[in-house]
């Protein structure tokens, strides 16, 4: 890899750089003026003018598909605007490539980190700018010294080992590598955009990230923060800009608005009733798990009835996702039994679990559930091809009709069912995963972080889908790190810690305080009734 960096662009060299700067974007900021972006007949942005002042955190909010990602890609040179301009310190610049944007001092930490798996963290951080050694080799000792200094400076020295390979990193560590990469280099950063940076981080890592962002703000850097988590927004932001359907609908001072006001701006309606639903659970036992033990969970016993939504709470590392994978046959089970609607499953067999009526929508939908370069049709019909075949051939008309039916039912927003899944918003990708399992007509559906990285409007739609599944008699097991979500969705909440169940609370007695007390209990001996 070459260590040569592109020279910083001279704004005055742009043909568009002549004349007085527009007064709506300050001379001490980075911003956009009248940005329009069209993809064929689809308009993603419609005349957005917004500045990102130095020394302030500007939160960028909006539903998935509102235009946030498109706006960031224009700032970072991945897209060129159809109309309008990017401005730095009041002067127009032509950011025709990511390299040119980086040289101009614009950085982005993407939601999906791009990590080279077979090289170390240190090499990932300095990819393209490795310190020269003898001959063609780079200086490993100097590289390690630089990265260790970077980790210490940024406050991540105790959470990331620069010698680890990219393939060994957790999702949280991959995110940290992107953050460190963005804050190194020869050109000082003028604006740094964080796109859903905490979606994979632990509480300790989130605290370190927030401390870093506050330090960047104090140093006069403009910070753009994209998140669907309201609590984070009000913790960090000085101002909040809201996009809806590609247009800027408001810029609010963080101290002068509230969550309800932002939701109304984002979706154009009040979502205060999004958790309202009736109990529809029956006495029919559908999922009966007894004394299941794996490498990660121990002596797990739980039951889920037809029409019941059971929440699974716990801190990171509690074993919730590992339990879900074991139930779905994706992780080996050492002892215990899993019975689905009266049929005892052969442990460790995903095919048998699916055949018996169990579906799993995993936490990492892009890595574990979707084929991003395939169409909505391909991703939806994947688990029902056996029902769509005639002899050895798939009945394409039936496949299209089935996919279209569930795309319409779940309101998947896409030009057609032949659209590539990677081009969909996070909320629509999650709907495709759900469409796949609805097409299979499951008896049990396990949803692991079903609204992770999804905007508030799409969350409300996912909640409605879960309620409809329960009303249809499906037994639903929901894993979520958002306690208000678990409390709003669940008939019962089971709490795990260190791979064991520590307690169970009915909907009427469950509170955030009670769940946290069980999740952090010093005594992790199973509580009475936890196995009921």
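All of the numbers you see were taken from the coordinates with simple rules; none came from a lab. In this text, all values refer to a predicted model and were calculated from it rather than measured experimentally. Reconstructed Cβ throughout: ideal geometry from the backbone, glycine too, with neighbour counts over all protein chains shown.
Quick notes on this structure:
- DSSP bridge orientation in the chain - percent antiparallel, rounded to nearest 5: 60 percent
- In nm, spacing of pseudo-spin labels at residue 249 and residue 168 (7 Å Cα→C-beta vector): 4.7 nm
- Estimated from helices alone, the mean residue ellipticity of the chain at 222 nm is -9000 deg cm²/dmol (sum of -39500 (n - 2.57) over DSSP H runs with n ≥ 4, per residue).
- Relative contact order of the chain, pairs being alpha-carbon contacts under 8 Å that are 6 or more residues apart, as %: 14 percent
- For the range 147-184 and the range 102-137, distance of Cα centres in Å: 11 Å
- Counting only alpha carbon atoms, the long axis of helix 396-409 and the longest principal axis of the chain meet at about 80°.
- Relative to the current alpha-carbon distance between residue 206 and residue 132, full extension at 0.36 nm per residue lengthens the span by 23.2 nm.
- Within the range 467-501, backbone nitrogen closer than 17 Å to the virtual label 7 Å beyond the Cα of residue 284 toward Cβ: 468-477
- Calculated FRET efficiency for the pair residue 142/residue 38, C-beta based, R₀ 51 Å, to 0.05: 0.60
- Acute angle (nearest 10 degrees) that the helix 171-182 long axis makes with the longest principal axis of the chain, alpha-carbon atoms: 0 degrees
- The alpha carbon gyration tensor of the range 131-288 gives principal lengths a ≥ b ≥ c with a/c of 1.5 or higher and a/b no greater than b/c, which makes the shape oblate.
- Crossing angle, helix 140-154 versus the chain [Cα axis fit, 0-90 degrees, rounded to tens]: 80 degrees
- Label-to-label distance, nm, for residues given as residue 89 and residue 508 (7 Å Cα→Cβ offset): 6.6 nm
- Cα gyration tensor category, rounded, prolate or oblate, for the chain with a/c compared to 1.5: prolate
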